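Take a look at the structure below.
The values are calculated or read from the model by the stated rules, or taken from the named source; none is laboratory data. Because the structure is predicted, anything quoted here is derived from the model rather than measured. Positions of Cβ are generated from backbone atoms using ideal geometry, with glycine treated the same way; all protein chains shown enter the neighbour counts. Remember, those area values only see protein heavy atoms, side chains included, never the ligands or the DNA or RNA. Shrake-Rupley method; radii C 1.70, N 1.55, O 1.52, S 1.80 Å.
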Amino acid sequence: QQQLQQQDATTRRAHKNSMGSGMSGLTAKDIGLVASAMLAGVQLLTPADPIGRCSLMLKQLWGHQQRLSCNDNVDKGIDEYNELHASEDVDVRNSNYKKLVNSYYDLATLFYEWGWGQSFHFSFRWGFESFDEGTRRHEYQLASKLGLTGSPTQKILDVGCGIGGPMRNICRFTGADVTGLTLNPYQVERGNELCQQASPSSVLSHKCRSVQGDFMDMPFKDNSFDAAYAIEATCHAPDRVGVYSEIKRVLKPGSIFACYEWCMTDSYDKTNPEHQLIKKQIEEGDGLPDICHTSHCLQALKQSGFEVLYERDVAKDDIGRGGKPWNLPLTPSWNPFTQRFQFNWLGFRMTNVMIYMLEMLRLAPKGTIKTQQMLQQGGFGCAAGGSNDKIFTPMYLMVARVPLSSSADEGDEEKKEDSSN
């Protein structure tokens with residue numbers, strides 16, 4: 001543990017020094033002029049509208065602070081979150097998973113929506129795809145594994161739905177009725193708000209909804225759904241067997257569950273300090289109690305009673321000529337027209353300086369900069385985890401079915417136990 005902390009400190013110093021060396025000769029005025037010129041260029045030459053989006057984000061941020069579920073304000077929330085992750089004991093974080101996850105999404109949801117979109121997940125891209133097209137295709141591929149018949153009366157469960165981006169896309173794609181479950185009250189409110197923003201005649205306004213609840217103890221009756229999926233969500237669970245068993249409980253016999261899991265791969269070496277640091281950065285920056293190995297998730301799915309139909313690491317797929325890997329948006333670029341600019345030394349410094357200024361001018365709540373820095377650590381970890389050794393994947397695909405005879409078998413077992421007693 002001491003070695004890991006020293007490695008972490010050394011890495012942070014090296015990163016800071018590399019940024020500092022790049023800043024030599026540039027004054028605060030210079031940085032301000034560069035930032036203003038780049039902002040004007042993006043505003044005038046692209047459809048991104050950063051000024052309009054930032055204005056909307058700041059307005060939402062102040063309103064969001066009034067709706068925090070875990071703390072009175074952003075500053076207290078980020079301090080409490082960092083305190084929870086300060087413990088190196090995984091059991092401590094697992095025992096506090098509700099508080100850990102709720103605190104994280106209280107802080108991160110607005111940043112995610114503003115910087116990433118309404119679908120909080122990764123996807124690789126084919127050479128001809130835009131970011132949004134790759135995102136939707138990733139969701140549609142998962143939906144295609146659910147064995148749906150096309151009937152508009154079929155009911156699907158989105159386990160850990162965020163603000164419902166995938167839920168709305170899959171509803172459009174399949175025509176099925178989709179219920180999203182999330183632990184965070186703000187995400188429920190925001191998800192339903194986005195569903196209702198669709199026109200009254202839209203399928204989304206009456207066939208999509210978000211519900212607040214814990215996926216370890218769902219507020220649904222047995223055999224309620226015809227299919228279920230989870231996209232980078234059950235990684236927040238303290239117990240994989242527990243969450244998969246609960247999903248199985250609410251599914252009808254013969255129904256299919258498909259998911260993309262966040263996992264460490266066979267390339268991960270738990271004795272390697274660099275690998276340990278990357279894993280820790282991902283956990284801290286993404287609200288995770290711990291990250292399991294792919295084999296652990298697969299075994300847990302089997303132990304929960306599912307019949308596993310298919311599994312593979314989608315991150316290993318051949319993305320073809322011109323394709324873009326899933327972690328590309330988190331790697332540094334000098335193109336000021338992409339969000340990747342913030343990951344080079346100049347963009348990193350500019351982003352933090354601007355947020356500091358917003359806090360000083362009281363345009364952003366206190367604690368916003370600490371939240372941004374926490375999220376950036378997760379970005380650094382994911383970028384490194386998906387590069388070189390590929391020790392981490394956010395898209396370990398598992399497809400499984402509830403056995404048709406599960407209810408009968410369970411009843412037979414209970415009868416045998418009763419007779420033996």
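Overview of results
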item	result
Residues of the range 207-228 classified as open to solvent by 30 Å² or more (accessible area, probe 1.4 Å) and in contact with a helix residue (DSSP H, G or I) (Cβ under 9 Å, 6 or more places away or on another chain), total	10
Residue in the range 79-100 that is least open to solvent (accessible area, probe 1.4 Å), counting only those that are polar (S, T, N, Q) and assigned to a loop (DSSP other than H, G, I, E, B)	SER87
Considering residues of the range 246-271 that are acidic (Asp, Glu) and farther than 16 Å from PRO394 by Cα only, the residue least open to solvent (accessible area, probe 1.4 Å)	GLU246
Tally, over the range 353-367, of residues that are part of a helix (DSSP H, G or I), of a type outside the set (A, V, I, L, M) and surrounded by fewer than 16 Cβ atoms within 10 Å (Cβ to Cβ)	1
Residue among PRO273, PRO253, PRO238 that alone is within 20 Å of the chain's Cα centre (by Cα) and in contact (Cβ under 8 Å) with a residue 40 or more places away in the chain	PRO238
Residue match in the range 127-135 (condition: hydrophobic (A, V, I, L, M, F, W, C), part of a loop (DSSP other than H, G, I, E, B) and modelled with pLDDT under 95)	yes
Evaluation of GLU189 against (1) in a helix (DSSP H, G or I); (2) free of Cβ contacts under 8 Å to residues at least 60 places away in the same chain; (3) among the acidic types (Asp, Glu) (one fails), failing number	(2)
The listed residue being modelled with pLDDT of 95 or more, farther than 27 Å from GLY147 by Cα, open to solvent by 30 Å² or more (accessible area, probe 1.4 Å) and acidic (Asp, Glu), out of GLU274, GLU311	GLU274
Filter pass, ILE231 being under 17 Å from the mean Cα position of the chain (by Cα), farther than 28 Å from GLY305 by Cα and open to solvent by less than 40 Å² (accessible area, probe 1.4 Å)	no
Residue within the range 101-115 that is open to solvent by 10 Å² or more (accessible area, probe 1.4 Å), more than 23 Å from PRO238 (Cβ to Cβ) and not in a helix (DSSP H, G or I) present	no
Within the range 329-352, tally of residues that are within 22 Å of the chain's Cα centre (by Cα), open to solvent by less than 40 Å² (accessible area, probe 1.4 Å) and either within 16 Å of TRP116 (Cβ to Cβ) or among the polar types (S, T, N, Q) (or both)	6
Answer residue from the range 395-421, given it is touching a Gly at 6+ places or on another chain (Cβ under 8 Å) and outside any loop (DSSP other than H, G, I, E, B) and is modelled with the highest pLDDT among those	ARG401
Qualifying positions in the range 136-162 - β-branched (Val, Ile, Thr) and modelled with pLDDT of 95 or more	ILE156, VAL159
Residue check for LEU301: touching a strand residue (DSSP E or B) at 6+ places or on another chain (Cβ under 9 Å), open to solvent by less than 10 Å² (accessible area, probe 1.4 Å) and part of a loop (DSSP other than H, G, I, E, B)	no
Residue in the range 162-180 that is touching a Gly at 6+ places or on another chain (Cβ under 9 Å), in contact (Cβ under 8 Å) with a residue 60 or more places away in the chain and open to solvent by 20 Å² or more (accessible area, probe 1.4 Å) present	no
Unmet requirement for PHE306, which otherwise passes all of (1) out of contact with any Lys or Arg (no Cβ under 9 Å at 6 or more places or on another chain); (2) at pLDDT 95 or above	(1)
